[in-house]
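Just so you know, all these numbers are worked out from the coordinates, no wet-lab data involved. This is a predicted model, so every value here is computed, not measured. Note that each Cβ is placed from the backbone with ideal geometry, even for glycine, and that neighbours are counted across all protein chains shown.
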Amino acid sequence: MSAPRTCRDTWRLMSELTQGGQIVRNFHQDILMDEWLIETELFSREALEAYTAWNLGQELKPEQRRWFSEQRGGAQGDYREGMRDKVANVVDCLTRYPASKRAVITIPNNSLPRHDFDGDAKCMRELHFHRNGERVDATVLFRSQAALIFPKNIHFIGGLMEEVGKRLPGQPRPGRLFYLASVLVADRQ
């Protein structure tokens, strides 16, 4: 297993590895989830907070909607469907069975995705949560990750880990994330 990195250092590594159009298969990294805010030209703090709120199933303020665009992820990065119930299920699972292997959030996908329609094949596929003492750790599987879009995805994952932790007994903080992307690219092209 690779040495743990911060979210920002993981993003830098992804950007370096995909420079010049390189494609990386089966990228994996152990990520420390102490700080998951990575502001970029494409993703300001406000844009990241809007996308995270949306994907957590929260109500958006009218001004937050202006941040949404195809360039920032479009339908492939819309993970909102049923998220409130999924979070509640994970919290219930880890509260009742702290050592459970079933604290899982599956992102909705068409079981027979059309390869010519982005919305049929979400990039993030599944998140597995577990308690690790005073921390909530997770594993995430991505079908594909563009380094350019990583700041949005890691902000959502950090927000999701924090949301789960706040609702668990003892309120564990986000800990580590084992991150796996089947395909890593520089951008959405």
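Compute the long axis of helix 83-96 from its Cα atoms, compare it with the longest principal axis of the Cα atoms of the chain, and write down the angle in degrees, 0 to 90, nearest 10.
40 degrees
Counting Lys +1, Arg +1, Asp -1, Glu -1, what net charge surrounds residue 84 among other residues with beta carbon under 13 Å of its beta carbon?
Around residue 84, the charge tally is -2.
With everything on Cα atoms, drop me the angle between helix 150-166 and the longest principal axis of the chain, reported from 0 to 90° to the nearest 10.
10 degrees
So in the chain, what percent of DSSP beta bridges are antiparallel if you round to the nearest 5?
60 percent
With an 8 Å cut-off on Cα pairs and a minimum separation of 6 or more residues, tell me the relative contact order of the range 5-185 in percent.
Normalised by residue count, the contact order of the range 5-185 is 31 percent.
Give me the net charge for the shell around residue 182: Cβ to Cβ below 10 angstrom, other residues only, Lys and Arg +1, Asp and Glu -1.
Spelling it out: positives minus negatives among the neighbours equals +3.
Report the local net charge at residue 53: Lys and Arg +1, Asp and Glu -1, summed over other residues whose C-beta lies under 11 Å from its C-beta.
-1
Below 26 Å, Cα to Cα, which lysines can residue 61 reach? Residues fewer than 8 away in the same chain don't count.
Straight-line reach from residue 61, under 26 Å: 86, 122, 152, 166.
Treating the angle as unsigned and between 0 and 90°, give the value, to the nearest 10°, between the Cα long axis of helix 45-55 and the longest Cα principal axis of the chain.
Tilt relative to the chain: about 60 degrees.
Residue 166 versus residue 75, label points 7 Å from Cα toward the beta carbon: distance in nm?
The answer from the label model is 3.1 nm.
Put a dot 7 Å past each Cα toward the Cβ at residue 23 and residue 100; how far apart are the dots in nm?
For the pair residue 100/residue 23, the computed spacing is 3.8 nm.
As a footprinting exposure proxy, order 7, 123, 93 by other Cβ within 10 Å, with the fewest listed first.
Neighbour counts put them in this order, fewest first: 93, 123, 7.
Rg to Rh ratio, the chain, alpha-carbon atoms and Kirkwood radius?
0.94
Okay, which of the range 166-189 sit inside 11 Å, backbone N to the point 7 Å along the Cα-Cβ direction of residue 135?
It comes to 173-178, nothing else.
Stretched out fully, how many nm does the piece from residue 88 to residue 15 gain, at 0.36 nm a residue minus the Cα gap?
22.8 nm
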